[in-house]
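Let me begin by presenting the structure, written as structure tokens, before commenting on it.
The values are calculated or read from the model by the stated rules, or taken from the named source; none is laboratory data. These numbers come from a predicted model, not from an experiment. Counting neighbours? That spans all protein chains shown, and the Cβs are built from the backbone with ideal geometry, glycine included. For accessibility, only protein heavy atoms count, side chains too; no ligands or nucleic acids. Shrake-Rupley method; radii C 1.70, N 1.55, O 1.52, S 1.80 Å.
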Amino acid sequence: MRERFGRLAAAGRLWAAAGLVGVAAAAMAGTPAAQRVPEPSAVLAQAPLPSSGTAQPPAAQPTALVAQGPGVQGAGTPSPAAPPSAPLPASAPAAPEATLTVFNRPIVVMRAPLFASTPAERARRARHAIDETLALGGPGEVQTEAQPLGTVVKVDGRFAFIVQPDDADRQRGETAEEAARLAVAQLREAIAATREARDLSGLLRSLLIAAAATVVAAALALGCRALFRALGRRLLRVADSSAERLKLRGTELLQRDRLLGSVRAALVGLRWAVTAVIAYEWLGFVLQHFAYTRPWGEQLNRFLLGMLSTLAGGILGALPDLLVAAVIFLLAGMAARGLAAFLDRAARTPGTLDWLDTDTVGPAKRLGALGIWLFAIAMAYPYLPGSGTEAFKGLSVLVGVMISLGGSSLIGQGASGLVIMYTRTLRIGEFVSIDGHEGTVVELGTFTTRVRTGRGEELTLPNSLVMGTVTRNYSRTVKGRGFVLDTEVTIGYDTPWRQVHAMLLEAARRTVGVLAEPAPKVFQVALSDFYPQYRLVCQAVPEQPRPRAEILSTLHANIQDVFNENGVQIMSPHYFGDPGDAKSVPPERWAPPLAARVVPREGPGNTTPTTPAAPASPGPQPQP
């Protein structure tokens, strides 16, 4: 019975196997040839995993399951007619690429899916397969085999991954064979690094080298600190002595405290920069001596060398353009100096340029230099480093917008200053009255005009104000140097006008600084309801340091003295009713003589009369 039962069980297994073979054959007959090829990584993933500590026999070659097509030439030889991997449906989104990393080292970038496996799944399965193979403790030999789907990479005869033609970087012009060779080289380096990491003697040697490098780096940092301290003391002494020598008319050009602070800050920043470079090199050196961290150290060194090479290349590449820009600016400076010399000579030579004189030569030189330098900047702009970058263009646009929005008033002030200069509305040294402000012009600027009043004030007036208001110039109509001095008084109708004229002229004669030629004049500028208005106009030449305000004050004092000597009150009468007596001057009092001049003596209340002044000019006499 037992033997019969065994025969029946064996027959059942045979029939079941035959049925499965028939079903598989029917399925294969209705499926395209490209889809009947199983994925090697999927076959490897379905195989049972080896238990820890137990050696497993080599797995069956998964590539044997791949149908050998006409493009296969043999093991280890890539097929030139290898078909590409099966494409995904057009509606499916492209899967992101994934990098296979073994022992902190990139092996290959998987960019294309393989059947239903995305690049990320392919990288994960390949890493799992490589880790399993390396855990077996084999020699770690890497082999390749060409298959229709690509180049199969094996480790110790076990399948690791496959490099497809679509995994190559097409943008760099990389071929599938080059991608496979690079992946094999990277994998061999990673396997060698794993062996090095398990070597105890090599690990101890790396630790000793790292300790020695740490000691050297610490010694360099301490030496750098001591060196910079000594250098700092030396430079601070030099800066201190230099600050004392750099003087202009007794004034220090550089403040000692700020100069010393700047030197100290520069030394501290330089010392920290050198210390940072030492630490950076120490870290890269130490990381390179350990198998796992060696890629990080190499990356640090590559970054530093790449940055230095980029800076050096950029500097060397910019030198020709900088040379052209320097030549342009040099020519612009020579042209500006030549123009300034020509304008100075033309201003000193009368008749050379009618529109140019000593007052306008300064603005003309500034305008000419501005035009030359603007033209030079426009010509040198394309040769400046970074002029073609978007940041430089954006900065240029920002500066232009700021000038357009915020410089309208500034441009208006500058235009007003140029109009004042070239129309010769004002000149330096002239006495003017601008918007009620009187004084001597001491500076004509592009944007402002400075006026000194003589009363301890200096007014700064915007040029737009000067152009927008009435300007009285007291220095243009005089003969020779000097300016016009005028003042007004109002005296009642009961005082003879001839006497008022004589008294005002006498006050002008007594004032030091008022010229006798041209002679002072008195004008009756208005006949008001209660009094006439008299204006005394004379020409004065101030003797420094006597300003106009002082001469005018002396003139007012003399007017009061003369009127007091002649018993005339300086008052402006106002009437609210008809006066009892008529406010008229009889003919016999039309030209009374002036009283004698009274000279005050020292002491209060003491006065001494002097010889009477000449009688006033009678003027036209009335007809009897």
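Assorted remarks:
- Filtered residues of segment 492-530 (kept if in contact with a helix residue (DSSP H, G or I) (Cβ under 6 Å, 6 or more places away or on another chain) and over 18 Å from Pro593 (Cβ atoms)): Thr511, Gly513, Val514, Pro520
- Residue in segment 419-434 that is under 21 Å from Leu552 (Cα atoms), open to solvent by less than 60 Å² (accessible area, probe 1.4 Å), in contact (Cβ under 8 Å) with a residue 12 or more places away in the chain and of a type in the set (S, T, N, Q) present: yes
- Within segment 352-382, the set of residues being open to solvent by 90 Å² or more (accessible area, probe 1.4 Å), in a helix (DSSP H, G or I) and in contact with a helix residue (DSSP H, G or I) (Cβ under 8 Å, 6 or more places away or on another chain) comprises Trp373, Phe375, Met379.
- Residue count for segment 107-136, restricted to those that are open to solvent by 60 Å² or more (accessible area, probe 1.4 Å), under 18 Å from Ile191 (Cβ atoms) and not in a helix (DSSP H, G or I): 1.
- The set of residues in segment 156-206 being in a strand (DSSP E or B), over 11 Å from Ile107 (Cβ atoms) and either in contact with a helix residue (DSSP H, G or I) (Cβ under 6 Å, 6 or more places away or on another chain) or among the small types (Gly, Ala, Ser) (or both) consists of Arg158, Phe159.
- Taking (1) open to solvent by less than 40 Å² (accessible area, probe 1.4 Å); (2) within 60 Å of the chain's Cα centre (by Cα); (3) of a type outside the set (A, V, I, L, M) in turn, Asn566 satisfies each apart from (2).
- Filter result for Leu235 (under 33 Å from the mean Cα position of the chain (by Cα) and either modelled with pLDDT of 90 or more or under 30 Å from Val102 (Cα atoms) (or both)): no
- Qualifying residue in segment 449-468 (condition: part of a loop (DSSP other than H, G, I, E, B) and either touching a helix residue (DSSP H, G or I) at 6+ places or on another chain (Cβ under 6 Å) or of a type in the set (Lys, Arg) (or both)): yes
- Counted residues, segment 301-340 - those being aromatic (Phe, Trp, Tyr) and exposed (fewer than 12 other Cβ atoms within 10 Å of the Cβ): 0
- When the strands (runs of 3 or more DSSP E) confined to segment 519-624 are screened for residues that are modelled with pLDDT of 90 or more, those reaching at least 1 such residues are found at 521-527, 532-540.
- Segment 194-216, subset at pLDDT below 90 and within 52 Å of the chain's Cα centre (by Cα), residue most open to solvent (accessible area, probe 1.4 Å): Leu203
- The requirement of being of a type in the set (Lys, Arg), in contact with a Leu (Cβ under 7 Å, 6 or more places away or on another chain) and surrounded by fewer than 20 Cβ atoms within 10 Å (Cβ to Cβ) is fulfilled nowhere in segment 156-178; no residue meets it.
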